[in-house]
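Structure record follows, encoded as structure tokens.
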Amino acid sequence: MTVETDQDRQTSMTAEPVRRSGSIVLVLVIAATIIACAVAFMTLGRAQAQPFILGLLALLAMVGLFTLFAFAAGIVRFADRSADDPIMRSVTDHAFDGVAVTDVRGHVVYANAAYLALTGAATVQDARPVERVFIGNPDVSEAVFRLLKAAREGKRQQEEVRVGTTDGGQGRWLRMRVRPLGASKREARSTVWSVADITRDRERQEDVFQELQHAIEYLDHAPCGFFSVNPKGELVYVNATLANWLDHDLAEIGSGGLKLADIVSGDGASLLTSIVAVPGEVKTEVFDIDLRMRSGKTMPVRLYHKLAFGADGVPGASRTLVISRARDERSDPQRAAEVRFMRFFDHTPMAIATVDRAGTVVRGNARFAKLAQSLSASGSVNKSILAAVSDRDRNLLISAIGHAAEGQGDIAPVEALLEGAKERWGQFFVSAVEEDERETEAAIVYMLETTERRTLENQINQSQKMDMVGQLAGGIAHDFNNVLSAIMMANDFLLNAHKPTDPSFQDIMQIKQNATRAATLVRQLLAFSRRQTLRPQVLHLGDALSDLTMLLRRLIGEKVNFPGVIHGRDLWPVKADVSQFEQVIVNLAVNARDAMLDGGTLTIRTANVPAEEAERLSYKGMPDGDYVRIDVSDTGTGIPADIVEKIFEPFFSTKEVGKGTGLGLSTVYGIVKQTGGFIYVDSELGKGTTFRIFLPRHHQELEVAPDPAIAIAAAKEAEAKPRADLTGQGTILLVEDEEGLRSLNARGLRSRGYTVVEASNGIEAMEVLEEQNGAVDLVVSDVVMPEMDGPTLLKEMRARNPDLKIIFVSGYAEEAFEKSLPENEQFAFLAKPFALSALIAKVKETMAPG
């Protein structure tokens, strides 16, 4: 332990440090003196020694008391031996930066020689704290204030200030730092200040900055353009010359406002990003492309594109020199021809590349670079054109390139499946090069992507196939309807002639039931061919599907879990035939049940699909618009990919013989299409199938609402009417090309009191009309007939008698032939097959005056 006084502290602020050291000898001397006194007092005797002992103790007590007061007042203190390290003291005292330590009152308690020199103090006693040194200097006062604030808060702070001189010189730059002396509470009361003269450093920085400014100025106003683009395609630098050429504001550059694709015409940007990465290497490529000005005009340029790759193969920002070739185009015919060829080569919509015998790409145009990037993010296609083709068809392209390398001509195009996750197709045209160039370039390969064309061809083929099958099904259904109409009419005559007690009455009823079943099959065929008669009405699908819930549960059985319909919120209305829509849902539910023999879950979900979402879905053939979607999902076996395209064809079935007609899904397809909707299927083997139906949203505000008073009056009138009398009088012209059906219909009408004249086609009907001198009250005509069909007959008859009443009968839908009639033509319609009572009722209704 050593004791240090204020004089000692003042002495310590000299340039030469004084080492404080304790003396063990002095301690031993003091101890020996006290022992000697004790021994002497013992020899004097107790009575004589007592005053001396008391005096010695008083002396020691006074020394101790004064020492305690001095320690409390800070006059003396226990010295920290760690602070007396001569190496540390030497480092601080002889440091280049000025160092000073201030106490809590701001008094300097230590300052090294460099601090004294920087602050102009002659001796340690003259040293002033930093704030007093620079007081009154406005350039420094704000920085000193921030430093003092940091010192009071016990924080670190640094400031760089320029201190002017009184003689008007350049002044000097100082770096001032402040920090607490230490982390302990006592040390935190003191603050360490350091002041360094950094004038020469700032001068060197300013010199470098000036040189950089000059370099930028030289680069900006060079007679050529320059730009730098980062791996994201953003322009981080463009010199003034290039910006002036392109008429772009330099303020847009570097702020993310301009990208490479904004200044490069066509697919040229793909060329710059097509350089094959080689880790750790620097590559420079030359490209002839067109740059695009702000106005949209183009200018031909040559780019020297330098790109450095890191060790991981990631490219850095480019260094790209731009040489304008616009002047060459005007002054030099040869250069002009070169520019024109460059534009032809890079702007052609066909990908072009030259390859060697192994298929390695030697060079390619911009379209090839863009195609290569879309096929492979790793750039493998830029290395070898064979990487663009799938393994299945790669040998075809290899063979074609081999033929070209041998100098053969007229090589057949190669249609190949392209590599990649999605199914894409391309057509390759390979031609040979000149013989003297075959060492480096063996062939020229032209490629067109044919994905869209093949997709369109497949859609057209599928559509034509479905239309042809639909026409065939519709024709068969029409002929069957005629046969069924005759059977059902004859059956009605038999029922009228036999009583229920007759032995043959049950057989006649069996004929009627089977005829009705056959009519149902015919309606399914007509549904597929979209020629059945629909009675559309505005539907709220939530209500319509809720009504089907109980029926569906009975149909699918107990093995299949059906939690009910999951309704979307605020479903839009649609316009559809409710009975046909129910048939669609029932058919899909039954199909789902049959796909889940061991049980599963059937889910029916509805939702609105706004036009924006429909556009994102991008379903083939479905235009943008508002739709209501109905999803019918199962967890069954799924549908194999090779038969998905066939499931909507009539008579196609995967069920065993006798287990299905193959008309269920074709009926669904036809009803949805005739309603104006669309149906798509998503299926995965072993996981299940989802049918998605999209029905157009119905806008009720476009319809004229009927007068409620008229509707109520009509209903009351209908209720007040007694049972209709189906007998009548009048002359009816019956036109039907099927003789058996015509005779049965005529017989039925005559049995009700009507006079019937018959005709087998439209021409014969016109002749009969002439013979009757127009005295015909009603015409009942088939639609499809030889020589003159129903719509043509209507036009001819109305030309002679505009008020003539006509009933068309057909197995086709009313809309199927209504389009071929003039607008606002009035006629009645009766769908085949029909019973005798239906024909009589329609005739009675049409002939009624009104």
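The values are calculated or read from the model by the stated rules, or taken from the named source; none is laboratory data. Since we're looking at a predicted model, the values are computed, not measured. Backbone-built Cβ (ideal geometry, glycine too); neighbour counts: all protein chains shown. Please note that ligands, DNA and RNA were not included when accessible areas were found on the heavy atoms of the full protein model with its side chains. Shrake-Rupley method; radii C 1.70, N 1.55, O 1.52, S 1.80 Å.
Taken over the stretch 129-157, the criterion of being open to solvent by 90 Å² or more (accessible area, probe 1.4 Å) and not aromatic (Phe, Trp, Tyr) is satisfied by Arg132, Ile135, Pro138, Asp139, Glu142, Arg146, Lys149, Arg152, Glu153, Lys155, Arg156.
In the set (1) exposed (fewer than 14 other Cβ atoms within 10 Å of the Cβ); (2) of a type outside the set (Val, Ile, Thr); (3) at pLDDT 85 or above, the condition left unmet by Met596 is number (1). For Leu291, the conditions (1) among the aliphatic types (A, V, I, L, M); (2) part of a helix (DSSP H, G or I); (3) within 21 Å of Glu338 (Cβ to Cβ) all hold with the exception of (2). One residue alone among Ala799, Ala765 is over 60 Å from the mean Cα position of the chain (by Cα), touching a residue at least 24 places away in the same chain (Cβ under 8 Å) and part of a helix (DSSP H, G or I), and that residue is Ala765. For the stretch 551-582, the set of residues classified as open to solvent by less than 70 Å² (accessible area, probe 1.4 Å), of a type outside the set (A, V, I, L, M) and not in a loop (DSSP other than H, G, I, E, B) consists of Ser579, Gln580, Phe581, Glu582, listed by residue number. Tell me, which residue of the stretch 354-371 that is among the hydrophobic types (A, V, I, L, M, F, W, C) and either part of a helix (DSSP H, G or I) or open to solvent by less than 20 Å² (accessible area, probe 1.4 Å) (or both) is nearest to Leu418 (Cα to Cα)? For the stretch 354-371, the residue satisfying everything is Leu371. Counting residues in the stretch 649-668 that are modelled with pLDDT of 90 or more and open to solvent by less than 10 Å² (accessible area, probe 1.4 Å) gives zero. Mind listing whichever residues of the stretch 360-383 are over 15 Å from Phe287 (Cα atoms), modelled with pLDDT of 80 or more and over 25 Å from the mean Cα position of the chain (by Cα)? If the condition is that a residue be over 15 Å from Phe287 (Cα atoms), modelled with pLDDT of 80 or more and over 25 Å from the mean Cα position of the chain (by Cα), then Thr360, Val361, Lys383 are the ones that fit. Of the strands (runs of 3 or more DSSP E) lying entirely inside the stretch 185-269, those carrying at least 3 residues that are under 30 Å from Ala150 (Cβ atoms) and in contact with a helix residue (DSSP H, G or I) (Cβ under 6 Å, 6 or more places away or on another chain) are 191-197. Of all residues in the stretch 493-507, those satisfying the criterion of being in a loop (DSSP other than H, G, I, E, B), open to solvent by 80 Å² or more (accessible area, probe 1.4 Å) and not hydroxyl-bearing (Ser, Thr, Tyr) are Lys499, Pro500, Pro503.
Note on the stretch 273-294: among residues that are more than 15 Å from Ala369 (Cβ to Cβ) and touching a helix residue (DSSP H, G or I) at 6+ places or on another chain (Cβ under 9 Å), the one that is surrounded by the fewest Cβ atoms within 10 Å (Cβ to Cβ) is Arg294.
Applying the set (1) open to solvent by 50 Å² or more (accessible area, probe 1.4 Å); (2) of a type in the set (A, V, I, L, M); (3) farther than 18 Å from Val109 by Cβ to Ala188 leaves exactly one unmet item: (3). In the stretch 531-590, which residue that is touching a Lys or Arg at 6+ places or on another chain (Cβ under 9 Å) and among the charged types (D, E, K, R) is modelled with the lowest pLDDT? Here the answer is Asp577.
Conditions (1) free of Cβ contacts under 8 Å to residues at least 12 places away in the same chain; (2) of a type in the set (A, V, I, L, M); (3) touching a Phe, Trp or Tyr at 6+ places or on another chain (Cβ under 6 Å), marked per residue:
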position	(1), (2), (3)
Trp173	no, no, no
Ala183	yes, yes, no
Asp197	no, no, no
Ile216	yes, yes, no
Cys224	no, no, no
Ala240	no, yes, no
Ile253	no, yes, no
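When the residues of the stretch 334-353 are narrowed to those that are closer than 13 Å to Gly268 by Cβ and in contact (Cβ under 8 Å) with a residue 60 or more places away in the chain, which ends up most open to solvent (accessible area, probe 1.4 Å)? For the stretch 334-353, the residue satisfying everything is His347.
Can you say whether Leu588 is surrounded by 15 or more Cβ atoms within 10 Å (Cβ to Cβ), part of a strand (DSSP E or B), aliphatic (A, V, I, L, M) and in contact (Cβ under 8 Å) with a residue 12 or more places away in the chain, as far as the supplied structure shows?
no
With respect to the conditions (1) open to solvent by less than 60 Å² (accessible area, probe 1.4 Å); (2) over 59 Å from the mean Cα position of the chain (by Cα); (3) modelled with pLDDT of 85 or more, Ser781 lacks only one, and its number is (2). Summed over the stretch 192-240, residues that are closer than 29 Å to Val314 by Cβ and hydroxyl-bearing (Ser, Thr, Tyr) total 2. Does the stretch 442-450 contain at least one residue that is of a type in the set (Phe, Trp, Tyr), under 25 Å from His347 (Cα atoms) and open to solvent by 40 Å² or more (accessible area, probe 1.4 Å)? Yes; the residues of the stretch 442-450 include at least one that is of a type in the set (Phe, Trp, Tyr), under 25 Å from His347 (Cα atoms) and open to solvent by 40 Å² or more (accessible area, probe 1.4 Å). Would you call Arg200 loosely packed, with under 12 Cβ neighbours inside 10 Å and closer than 30 Å to Glu131 by Cβ? Yes.
Residue count for the stretch 828-850 satisfying the condition of being open to solvent by 20 Å² or more (accessible area, probe 1.4 Å) and basic (Lys, Arg): 2.
Scanning the stretch 309-329 for residues that are over 14 Å from Pro231 (Cβ atoms) and in a loop (DSSP other than H, G, I, E, B) turns up Ala311, Arg325.
Residues that are of a type in the set (A, V, I, L, M, F, W, C) and either out of contact with any helix residue (DSSP H, G or I) (no Cβ under 7 Å at 6 or more places or on another chain) or surrounded by fewer than 16 Cβ atoms within 10 Å (Cβ to Cβ) (or both) within the stretch 413-430 comprise Leu417, Ala421, Phe429, listed in sequence order.
Checking each residue in the stretch 295-312 for being open to solvent by 30 Å² or more (accessible area, probe 1.4 Å), farther than 18 Å from Gly233 by Cβ and of a type in the set (A, V, I, L, M, F, W, C) picks out only Ala311. Residue count for the stretch 607-624 satisfying the condition of being among the small types (Gly, Ala, Ser) and touching an Asp or Glu at 6+ places or on another chain (Cβ under 9 Å): 3. Confirm whether Gly316 is in contact (Cβ under 8 Å) with a residue 60 or more places away in the chain and loosely packed, with under 15 Cβ neighbours inside 10 Å. Yes. Taken over the stretch 251-265, residues that are at pLDDT below 80 and either surrounded by fewer than 14 Cβ atoms within 10 Å (Cβ to Cβ) or out of contact with any strand residue (DSSP E or B) (no Cβ under 7 Å at 6 or more places or on another chain) (or both) amount to 5.
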